Number of protein chains: 2
Amino acid sequence: MEYDFSFQNPTRIHFGKHALEYLEPELNRFGPRVLLVYGGGSVKQTGLYETTLKLLKRSRKKISELSGVPSNPTASKVYEGISLAKKFEPDLILAVGGGSVIDCAKAVAAGALTHQDFWETFFLRKEKPMDAIPIGVILTMAGTGSEMNGGSVITHEESKRKTSMESGLLYPIFSILNPELTYTVPKEQMISGICDIISHILEVYMSPSDEDNLSDDLAEAILGNVIRSARRALKDPKDYTARSNLMWGATLGLNGLLEGSKRQDWMVHQIEHQIGAYTNCPHGLGLSAISANYYRLVCPHAEGRFFRFATNVWNIDLKGKTQTEVARLGIDALEAFFREMGACTSLRELGMDETSPIDEIANSCKRLRGGYLNFTHEQICKLLWDSL
Amino acid sequence: MEYDFSFQNPTRIHFGKHALEYLEPELNRFGPRVLLVYGGGSVKQTGLYETTLKLLKRSRKKISELSGVPSNPTASKVYEGISLAKKFEPDLILAVGGGSVIDCAKAVAAGALTHQDFWETFFLRKEKPMDAIPIGVILTMAGTGSEMNGGSVITHEESKRKTSMESGLLYPIFSILNPELTYTVPKEQMISGICDIISHILEVYMSPSDEDNLSDDLAEAILGNVIRSARRALKDPKDYTARSNLMWGATLGLNGLLEGSKRQDWMVHQIEHQIGAYTNCPHGLGLSAISANYYRLVCPHAEGRFFRFATNVWNIDLKGKTQTEVARLGIDALEAFFREMGACTSLRELGMDETSPIDEIANSCKRLRGGYLNFTHEQICKLLWDSL
């Protein structure tokens, strides 16, 4: 474990079929004013909105609502939330939804307590917030891991920039994780979430150091479970065992457990963010569309790592194959798994074509340092064209 | 993941070769009075005592000391610490050492803020403390995991009872983990620590449910790494890679990551605690002395679990073998590994014999519910005689 690290994760998790029973005791820890943040109509269709409202009222909370948070949450929605929060002055922001809703809630939580512009300050200049409104979460989707970390990703529509902020103040105080709430997630969103989980783990795993490191063993363990559980959940959306493993795997995949002792990559995420900023594609499907080609570029620079991935995650048969061949077969297996699930493995499937602003997307990527490889904008350009 | 759980672990970890640089900023978060807790002479021999004292003085701390904490920390040492702390009123208790020192510091931290008897109240009646003095840790040994949990195990000499308390208030605020500090740990202690790590993981792993559960995958990942790293560290005590993996594996092995979604067993620990209460044997060696025989008793009731252990952890070759045979070979492999390290695999090696109060030890075990099996005192008795 070559790299020194600090680790702290204070989020309180309530996990399981009865997790929502913890909402009231959690609410009692906070003052009376709750800003409820949610997305489109799904929480209303499933009844979760009604249930939450009932519990909030039973706890005698004053409620304000920020609704209609879109997937790929936008700066304009955050501005709307900040303006609401500045007037309402909530004691708690309760995010009910998936990663988009939580990320929007986080940006509002930090943005409402400053006179500065939230986007400029926290997302572009990467200044750390000095304060934030406490956040609670009722999670409805397995994917982003935002329920147990301090990160938020927001899309600024006008400047076509999708980027992140991170702060210790933005860890949810509590997150309620009932896997049953994911039964009704539309299939495409579910698949997108699974691609996101896998990508988070790979962004850490596909980076130095390559000496024996517990993080790599844990990453392989989570990957293996996620792959098995995804297959089960796609077959039977109400498979509780599969859904619970996916939900907890998503959380552990980006809660700091794996990251500390690794250099980390995050190029796939960065490039996808810019694809998303231009096309508003589902995040996870943007990731699956470019991942295999990205790793094919990196593979010659870290063959041992990809060999390990092929054998430990995909059980590629070694017989009669060179290390190079095995390493490449691991990437093929990843791509085949994305395809098997019904995820996109090309940008064309996301609706892009030769007329799309591919060079512009490539040039809008700001950071060029990967885990094993530093990139030029030309290389990112080539990657995107190859992934069309 | 059949069982619902709640999870929170607020401890801040600073890990790596330069982790001690975080001591001063951590100290600055607390008031001026620090109670320094440590064991015998080893922290003085290694220079860690001097270094810590220098950093405390540079932070202008008023220091009081509780020294001479024995392995298997005793109630009498805790009473000494409580009496000291009641007079000195520390703002922080800084534990410099391994699990024994930390566990003693925790008992003092809770006991100093109550007028009730700490042993009766927290350890026997299992009442939760209402308050505790904040704890910081500089860890010198990989084993107990006490650096990132709220547990403490204390031995009451007169009543020959060794048992635990647990409280959310007893999680160290910060723990400094520099693997280099474990280079000088005496070999027997190091081996004992490794047996303890393995046993913690097995206490959770060897229990229902047996459906697909991420906890089991993570347990196997940590076990595999610990086994590899132990072999390396025994060969070369200054192998940083091995030492860092052992240290982080020990921490993750008992910090709540694995426990939540499993029923858990803890019979091996409970029985060992009573062996320790009577014989003062090194904790980890008491565990290794009875583990294999304990699991041989359980195996017929959970053959699938032990088959999985044999294949996923020990890579037992399946060819021509029944499930029962494979399952048993996994337990044999565990015992062989203990022996390979030089750990005890019988109570005789701990100095016990036919004249030892074996029946008395068995009858002093209070809890009889295991992971797969409920025990009678007669069965525990037989286990101990078989392990002689």
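Please report the orientation-averaged projected area of the protein assembly as shown, defined via the convex hull of its C-alpha atoms, in nm².
The directionally averaged projection comes out at 33.3 nm².
Rounded to whole Å, give me the distance from the Cα center of the stretch A:197-242 to that of the stretch B:65-134.
What the calculation gives is 41 Å, centre to centre.
Once amide H atoms are built 1.01 Å from N in the peptide plane, which residues 5 or more positions from A:Ile135, or in another chain, come under 5 Å H to H?
Sorted by chain and number, the residues that satisfy this are A:Ile93, A:Ile173.
Please figure out what share of the DSSP beta bridges in the protein assembly as shown is antiparallel and state it in percent, rounded to the nearest 5.
For the protein assembly as shown, the DSSP antiparallel bridge percentage is about 30.
For B:Trp385, place a label point 7 Å out from Cα along the Cα→Cβ vector, do the same in each other copy, and report the separations in nm, one decimal, smallest first.
Copy-to-copy label distances at B:Trp385, shortest first: 8.2 nm.
Ordered by residue, what ³J(HN,Hα) values in Hz, to whole numbers, does the stretch B:129-138 give under the Karplus form 6.51 cos²θ - 1.76 cosθ + 1.60, where θ = phi - 60° and Gly and Pro are x?
Rounded to whole hertz, the list is x, 8, 7, 7, 5, x, 10, x, 9, 10.
Please list the three semi-axes, largest first and in whole Å, of the ellipsoid equivalent to the stretch A:120-159, using sqrt of 5 times the eigenvalues of its alpha carbon gyration tensor.
They are 22, 16, 9 Å, listed largest first.
Using modelled backbone amide H atoms (1.01 Å from N, in-plane), which distant-in-sequence or interchain residues come within less than 5 Å of B:His156's amide H?
B:Ala75, B:Arg161, B:Lys162, B:Thr163
In Å, what is the Rg of the alpha-carbon atoms in the stretch B:12-181, and how long is Dmax?
Expressed in Å, the Cα Rg and Dmax of the stretch B:12-181 come to 14.7, 43.
Cross-link candidates for A:Lys87: which aspartates and glutamates have Cα within less than 16 Å, leaving aside residues fewer than 8 places away along the same chain?
Reachable aspartates and glutamates: A:Glu65.
Counting only DSSP beta bridges with both residues in the stretch A:12-181, what percent are antiparallel, rounded to the nearest 5?
Approximately 20 percent, going by the DSSP bridge assignments.
Looking at chain B, what % of its DSSP beta bridges pair antiparallel, to the nearest 5?
Percentage antiparallel, nearest 5: 25.
Taking one equal scatterer on every alpha-carbon of the stretch B:270-388, how large is log10 of I(q)/I(0) by Debye at q = 0.12, 0.15, 0.17, 0.23 1/Å?
-0.45, -0.68, -0.85, -1.28
As an exercise, find the ratio Rg/Rh for the stretch A:23-107 from alpha-carbon atoms, using the Kirkwood inverse-distance average for Rh.
Result: Rg/Rh = 0.95.
Which pairs break 23 Å Cα to Cα here: A:Lys126/A:Lys162; B:Lys17/B:Lys262; B:Lys187/B:Lys382?
Correct reply: B:Lys17/B:Lys262; B:Lys187/B:Lys382.
What does the copy distance list look like for B:Glu211, label position 7 Å along Cα→Cβ, in nm and ordered from shortest?
B:Glu211 label point versus its equivalents elsewhere: 4.2 nm.
What FRET efficiency, computed as 1/(1 + (r/R0)^6) with R0 = 51 Å and r the Cβ-Cβ distance, is obtained for A:Thr114 and B:Gln116, rounded to the nearest 0.05?
My answer for the efficiency is 0.65.
A:Gln45 to B:Thr355: FRET efficiency via 1/(1 + (r/R0)^6), r the Cβ-Cβ distance, R0 41 Å, to the nearest 0.05?
Efficiency, from the Cβ-Cβ distance: 0.05.
Under the rule of at least 5 residues apart or a separate chain, name every residue whose amide H is placed under 5 Å from the amide H of A:Leu36.
Distant-sequence amide H within range of A:Leu36: A:Ser64, A:Glu65, A:Leu66, A:Leu94.
So what is Rg over Rh here for chain A, counting just Cα atoms and using Kirkwood for Rh?
Here the Rg-to-Rh quotient is 0.96.
Given the DSSP H assignment, sum -39500 (n - 2.57) over each helix run of at least 4 residues in chain B and divide by its residue total; what's the result at 222 nm in deg cm²/dmol, nearest 500?
It comes out at -14500 deg cm²/dmol, rounded to the nearest 500.
Convex hull over the alpha-carbon atoms of the stretch B:187-386: what's its volume per residue in Å³?
Considering the Cα atoms of the stretch B:187-386, their hull volume per residue is 115 Å³.
Any idea what angle helix B:99-111 forms with the longest principal axis of chain B, computed on alpha-carbon atoms, 0 to 90 degrees, nearest 10?
Tilt of helix B:99-111: around 60 degrees.
Defining the label point at 7 Å along Cα→Cβ, can you sort the distances from B:Thr184 to the same site in each other copy, shortest first, in nm?
Here the equivalent label points are 6.3 nm apart from this one.
Mind pulling up the Rg/Rh value for the stretch B:105-215? Radius of gyration and Kirkwood radius, both on Cα.
We get a ratio of 1.01 for the stretch B:105-215.
Which whole-number percentage describes the relative contact order of the stretch A:90-249, with Cα contacts under 8 Å and a sequence gap of 6 or more?
Relative contact order of the stretch A:90-249: 22 percent.
Given the options A:Leu223, A:Leu113, A:Leu285, state which has the largest fluctuation in a GNM of chain A using a 10 Å cut-off (strictly under) for Cα springs.
Of the options given, A:Leu113 has the highest mean-square fluctuation.
Quick note: the coordinates plus some simple rules give every number you see, no bench work behind them. Model, not experiment: these values are computed from the prediction. Neighbour counts run over all protein chains shown; Cβ positions are idealised from the backbone, glycine included.
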